[in-house]
Each structure stands twice: as C-alpha cells, then as structure tokens.
Amino acid sequence: MEYNTYLFSFKEKGLICLQWLLISAIIAYFFYRSLPAGVMCVFFMPLYFKWKRKQAVKKRKWELTLAFREAVVMVSANLQAGNSVENAFRRTYTDLKGLYGETADITNEFLMIGRGLDNNLVLENLLLDFGNRSDVEDIKDFAEIFSAAKRTGGNLREIIADTADIISDKIEIKRNLRILISEKQFEQKIMSIIPFFILIYIGFTSPGYFDSLYHNWGGIGVMSACLAAYVLALLWGMKITAIEV
C-alpha cells in the first residue's frame, strides 16, 4: 500500500465535482455575472482535484500516525505481558481490529506484518518496508530503532517500551500544535468568505451599484484583477496557516 498517492472513490469524486461546480458558480456570479465564465471555470477542475488529493494524502498520513501511536503502545503492552516480539505484533493486529475495524490502514498494515511473519519474513524488514511506504517520520524512526536493537541484541522489551513513550509524547505534542493551527485555519476560512457577504449586503441595500462592473471590457478587466488578488490572498493565507509540525 502506497501512502504518497490517493485514489478517490466514486462518491468522493462526485462530491469534489459538486464542490468545484459550486465554486465556479460563485465566481461566475460575483465576479462576472456570466454563465460562460462559470463554464470556463470548470476547465480548472483538475487543479482542484490535485489540491484535494494532496490534502487527502496529508490527512491519511496523520490518521495513520495517530493509529500507529496506539499500535506501538499495544505492542509494548503485549511484550510486557510475556509474549515474544513476533507474537506481540500478531496480538496487536487483533487489538487494532477491535479498535479501528478491519478496513483501517493500520489494521491492514499489521495484518500484512502478521502474514509476513507466518511466511518466515524478517520482522525488522517488514517494519522498514512499512516505514518507507508510509513516508511517516515516526514510523520510520521506530522501524530503524527496532532494526538497530535487533542487530545489536538489545533488550527489545525495554527499548520498545521507551520508544513507545517517546513516540507517544512526540505525537501528542504534534496533535496539540495541530489543534492550535486548525483554529487559525478556521479563522482564515471565515475571513475568506466575508467579502462575498459584503457584496451581497451592498447588492441588496444599493441595487445596481455594481452594474458598471459587468458585461463590459473595462469591468471584466477590473473584476478579473479583483479575482486574481482574491485568489493570491487566499493562497497566501493557506500557506501561512499550513505549518508542518
């Protein structure tokens, strides 16, 4: 399973198409009062799909990171209960299936690890492969630490327990930072829709106030410049609030 790509389901594709059609309608009405302008906006839908796919990849990796934190804690607990390392990972799959369900990414990953162990594959290689495919820093770090401990003959129970605590604390800090950042992102979204409410208000209170900006080349040029400025400001705001943690 590759985590740097994302395949949308049919339902997700339909929802994204509806979202972009709504955005196109808003642009066509507020900036041009023109149906052809909305039709032209539809041709930019692939760019919207590309952005939504990027966001979906980030969301999926973050959910996998949170689930992996729970998985490592489960592995550590199973080791402390007296299971061998391999059996600890097998039992963790059962625990994850009960917690997240059979279709969750983390459940499928531990199912693959269990099947690999049943086929006499080396556990550290399975974990390293998981880390590389997920491209998640915390999973990569755990796999490398586990592999190094295996090679040097260290106390795996203590090493995994300590690593589980460190990863859990690290992810919790990231989660708290993301909560703070999400508040700013919400504020940015609110600010981005305020101009449209202002236009609606002026349109209702002063009918015909914006008529000179539509259906003439001068008005089209002015509104196109306004649209470009709005898009640049929106992208700038998204970049500022999109802090990686």
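Excluding the sites themselves, what is the longest stretch of the chain that contains no GluC sites (Glu not before Pro) in a DSSP loop with at most 13 other C-beta atoms within 10 Å?
Longest gap between qualifying sites, sites excluded: 103-243.
List, in the order given, every pair from LYS174/LYS239; LYS140/LYS174; LYS61/LYS150; LYS50/LYS97; LYS58/LYS239 whose Cα-Cα distance in the structure shown is over 21 Å.
Table pairs above 21 Å Cα-Cα are LYS61/LYS150; LYS50/LYS97.
Roughly how many whole Å is it from the C-alpha centroid of region 108-137 to that of region 7-65?
So the separation of the two Cα centres works out to 35 Å.
Expressed in nm to one decimal, what extension gain is obtained for the pair MET112 and TYR48 from 0.36 nm per residue of sequence separation less their Cα-Cα distance?
Length gained between MET112 and TYR48: 19.7 nm.
What distance in nm lies between label points placed 7 Å from Cα along the C-beta direction at GLU187 and GLN80?
4.0
With the Cα gyration tensor of the chain in hand, give its eigenvalues times 5 under a square root as the equivalent ellipsoid semi-axes, listed largest first in whole angstrom.
Taking √(5λ) for each eigenvalue gives 51, 18, 14 Å, largest first.
Give me the accessible area per residue for the chain, probe 1.4 Å, as a whole number in Å².
62
How high is the FRET efficiency from ILE173 to LEU22, r the C-beta distance, R0 35 Å, rounded to 0.05?
Taking R0 as 35 Å, the efficiency between ILE173 and LEU22 is 0.40.
Once label points are set 7 Å from the Cα along Cα→Cβ at both GLU102 and THR152, what is their separation, rounded to one decimal in nm?
Reported label-point gap for GLU102 and THR152 is 4.1 nm.
Which percent of the accessible area of the chain is formed by carbon and sulfur heavy atoms (probe 1.4 angstrom)?
The C+S portion of the solvent-accessible surface of the chain is 64 percent.
At 0.36 nm per residue, and after removing the present C-alpha to C-alpha distance, how many nm does the segment from ASN125 to LEU235 gain when stretched out fully?
So the extension gain works out to 35.5 nm.
The values are calculated or read from the model by the stated rules, or taken from the named source; none is laboratory data. From a predicted model like this one, the values you see are computed outputs, not experimental measurements. Using ideal geometry, Cβ is built from the backbone for each residue, glycine included, and neighbour counts are taken over all protein chains shown. Surface areas here come from the heavy atoms of the whole protein model, side chains and all, with no ligands, DNA or RNA. Shrake-Rupley method; radii C 1.70, N 1.55, O 1.52, S 1.80 Å.
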